[in-house]
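Values in this text are rule-based calculations from the coordinates and carry no lab data. All values derive from a computational prediction rather than experimental measurement. Every residue, glycine as well, gets a Cβ built from its backbone with ideal geometry; the counts of neighbours run over all protein chains shown.
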Amino acid sequence: MRPTDRVFVALDMPETEGAKAMAARLAGLVGGVKLGLEFFMAQGPAGIRAVVSAGDLPLFLDLKLHDIPNTVAGAVRSVAPLAPTFLTIHAGGGPAMVRAAADAAAEEAARLGLARMRILAVTVLTSLSDEDLAAVGQALPAADQVRRLAAMAHANGADGVVCSPAEVALLRADLPADFTLMVPGIRPSWAAVNDQKRVMGPGQAVAAGADHLVIGRPITADPDPAAASRRIAQELGA
Ligand SMILES: O=C(O)c1cc(=O)[nH]c(=O)n1[C@@H]1O[C@H](COP(=O)(O)O)[C@@H](O)[C@H]1O
């Protein structure tokens, strides 16, 4: 994998034109685009198609699905025609929900004749500290909860997880090499931390074993997003 292929840029914005312009500007400098709730709620599937074609980049659709198994399976089928490379669900939805998502992805890909989207289970959000986990009654420390959820997601057919850089080395040791570790909470030394809590630099996260990095504001809020992407690529060895 080329160093730039590791990076999915998070286009957290509500407007199609802005997201299309950013995707076109960053084509060749990143490995794909991540479109999530802010964009999907405003622009829906048509907006997703417009942005993907503007940059001609792989799509990471970050909808963080979390509901009963039947509803999540239906949502997976509904987004299958968008042909995302990756789709997120919340591991906290439990074993049957993870299994329902994985099965629906496989069945719908076969039915439509498309490549199967990879299901990624979100473990513990990178915006949560141990203190925050205690407030919602989750097990401590965060790393223990991440390991438990990742093992459960793997056992139930997920293709990978979303975790913070702090847990990457632990999960790499626990799980097979082809289990994808998609890692947000990435902050180069020159970027603001914002609302993230469990953060690391891009080079360190890849050295620890991250397959892909999710990077939003350090690129999109920079006065020169292309230059920011190039600095990150250099840090990754490009
Ligand atoms: O699923 C995600 O992508 C995700 C999980 C997580 O635990 N933390 C997290 O920040 N993300 C996403 O990763 C992106 C990070 O954006 P920045 O903080 O701007 O780099 C956002 O689009 C978040 O929705």
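Structure notes:
- A straight Cα-to-Cα reach below 26 Å connects Lys197 with the lysines Lys34, Lys64, residues fewer than 8 places away in its own chain not being considered.
- Difference of contour (0.36 nm per residue) and Cα-Cα distance, Ala27 to Asp103: 24.2 nm
- Rounded to 0.05, the FRET efficiency of the Asp132 and Ala96 pair, given R0 = 25 Å and the Cβ-Cβ distance, is 0.40.
- Among Phe86, Phe8, sorting on how many other beta-carbon atoms sit within 10 Å of each Cβ, with the fewest leading, yields Phe86, Phe8.
- Using 0.36 nm per residue and subtracting the Cα-Cα separation, the extra length available between Leu37 and Met1 on full extension is 10.2 nm.
- Its Cα gyration tensor gives the chain an equivalent ellipsoid. The semi-axes, each the square root of 5 times an eigenvalue, are 25, 23, 16 Å from largest down.
- Potential lengthening between Leu114 and Arg49 on full extension [0.36 nm per residue; Cα-Cα distance subtracted]: 21.9 nm
- Between the stretch 100-155 and the stretch 64-80, the C-alpha centres lie 13 angstrom from each other.
- Simple spin-label estimate for Gln234 and Asp222 in nanometres, 7 Å along Cα-Cβ: 1.0
- Most mobile listed residue (Ala110, Ala151, Ala121) in the chain, GNM with C-alpha springs under 10 Å: Ala110
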